[in-house]
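**Q** Sharing a structure, written as structure tokens. Questions coming.
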Amino acid sequence: MNEMISVVIPAYNREDIIKKCIDSVLAQTYSNIEVIVVDDCSTDKTADVVDAYEDTRVRKCIRLEKNRGACYARNKGADSAEGSYIAFQDSDDIWMPEKLDRQLQFMENGKYDMVFCGMKRINHFKNKEWYFPLYTFDENGDKQKQILKENCVSTQCILIKKEAFNKVRFDEKIKKYQDWDFAIRAAEILKMGYLKESLVVAEVQENSISRKTSRYDALSVLYNKYLNIISKDNSLNAFFLKQMGDEFFKTDAKKAIPFYKKSLKKQKKLKTLIKLILCQVKRNGRMQ
């Protein structure tokens, strides 16, 4: 098995760390790869760093004339991919050397269209690190509902057949949780497998897209986009409503209360009830 894997890396103002990311891809034990970096209209020298590589596996950087966002950049890179498989790397993350080898073998053995692995996440802001995803993905269960309940498929952990990717693609309107949205749709039409191994190291960066976009806004977009599925499952509905309420729990009890009440109507949960009571106490205290 020696099919080419195209590795797509969207980047924006990453001249200080893009080399470390690309080097981790070139260090893969699986060598038949091409690296496609899509520079999302950076204002620094990100593209120059990429173009300086002499390794022929690194194609010249695709430079966008307008900042279009990570989803557009990933789709653009995938469109130019020559490999039979596509992997996505983020410019601030590192791959373990055996990542592609292990995933490709796992994919072929299971005859999957797409696989995802686990990762070690590092949050320097809170001085914490942990394995992700936090729960075990059940391949025999309802994959789409599992993914709706838990955002467990991170983009840089994905390996997918190119023909399968073209059936899903990234939604360019999504500004946060692009991987979550992609996986929800992929789970509906693709044979998906989970390799429970930590093959990626991901660090939270101050200027990452996910830190700049409101979590409530992103949850609201997904909730409305998949309401036809969510509304048929009380536990899923309660989960999303509680998550949206949690975004206002510390800052605006008045806004949080309706979400907790709606969540409790769908599913009785002690934690949700406690948060509702605390919000009501906060609100009443301010009104006196």
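**Q** Name the single residue that is surrounded by the fewest Cβ atoms within 10 Å (Cβ to Cβ) among those in the range 115-140 being of a type in the set (D, E, K, R) and not in a loop (DSSP other than H, G, I, E, B).
**A** The residue in question is Lys128.
**Q** Checking Tyr112 against (1) surrounded by fewer than 18 Cβ atoms within 10 Å (Cβ to Cβ); (2) over 13 Å from the mean Cα position of the chain (by Cα); (3) part of a loop (DSSP other than H, G, I, E, B): exactly one of these is not met. Which one?
**A** Tyr112 satisfies all of (1) surrounded by fewer than 18 Cβ atoms within 10 Å (Cβ to Cβ); (2) over 13 Å from the mean Cα position of the chain (by Cα); (3) part of a loop (DSSP other than H, G, I, E, B) except (1).
**Q** Inside the range 141-200, can you point out the residues that are β-branched (Val, Ile, Thr), part of a helix (DSSP H, G or I) and crowded, with 18+ Cβ neighbours inside 10 Å?
**A** Those that are β-branched (Val, Ile, Thr), part of a helix (DSSP H, G or I) and crowded, with 18+ Cβ neighbours inside 10 Å: Ile147, Thr155, Val168, Ile184.
**Q** For the range 13-39, give me each residue that is within 17 Å of Arg74 (Cα to Cα) and either assigned to a loop (DSSP other than H, G, I, E, B) or free of Cβ contacts under 8 Å to residues at least 24 places away in the same chain (or both).
**A** Asn13, Arg14
**Q** Related question: Of the conditions (1) crowded, with 19+ Cβ neighbours inside 10 Å; (2) without any contact (Cβ under 8 Å) to a residue 12 or more places away in the chain; (3) of a type in the set (D, E, K, R), Lys275 fails just one. Which one is it?
**A** Unmet for Lys275, out of (1) crowded, with 19+ Cβ neighbours inside 10 Å; (2) without any contact (Cβ under 8 Å) to a residue 12 or more places away in the chain; (3) of a type in the set (D, E, K, R): (2).
**Q** Can you tell which of Lys212, Lys176 is at pLDDT below 95, within 23 Å of Gly118 (Cβ to Cβ) and not polar (S, T, N, Q)?
**A** Only one candidate qualifies: Lys176.
**Q** Considering only the range 217-230, I want to know if a residue exists there that is aromatic (Phe, Trp, Tyr) and either within 29 Å of Asn13 (Cα to Cα) or in a helix (DSSP H, G or I) (or both).
**A** yes
**Q** Considering each of Phe248, Phe259, Phe240 in turn, give the residue that is outside the structural domain of Phe182 (by TED's automatic domain parsing), surrounded by 16 or more Cβ atoms within 10 Å (Cβ to Cβ) and not in a helix (DSSP H, G or I).
**A** The unique qualifying residue is Phe248.
**Q** Next up: Consider Met107 carefully, then state whether it is more than 18 Å from the chain's Cα centre (by Cα), surrounded by 20 or more Cβ atoms within 10 Å (Cβ to Cβ) and not β-branched (Val, Ile, Thr).
**A** yes
Yes or no, residue by residue, for (1) over 19 Å from the mean Cα position of the chain (by Cα); (2) in contact (Cβ under 8 Å) with a residue 24 or more places away in the chain:
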{"site": "Ala11", "(1), (2)": "no, yes"}
{"site": "Cys41", "(1), (2)": "yes, yes"}
{"site": "Tyr53", "(1), (2)": "yes, yes"}
{"site": "Thr56", "(1), (2)": "yes, no"}
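**Q** Working only within the range 18-32, note down all residues that are surrounded by fewer than 16 Cβ atoms within 10 Å (Cβ to Cβ) and within 21 Å of the chain's Cα centre (by Cα).
**A** Result: Lys20, single match.
**Q** Checking Arg68 against (1) among the basic types (Lys, Arg); (2) under 27 Å from Phe137 (Cα atoms); (3) touching a Lys or Arg at 6+ places or on another chain (Cβ under 9 Å), only one condition comes out false. Which one?
**A** Tallying (1) among the basic types (Lys, Arg); (2) under 27 Å from Phe137 (Cα atoms); (3) touching a Lys or Arg at 6+ places or on another chain (Cβ under 9 Å), Arg68 fails exactly one: (2).
The values are calculated or read from the model by the stated rules, or taken from the named source; none is laboratory data. Note that the structure is a prediction, hence the values are computed from the model and not measured. Backbone-built Cβ (ideal geometry, glycine too); neighbour counts: all protein chains shown.
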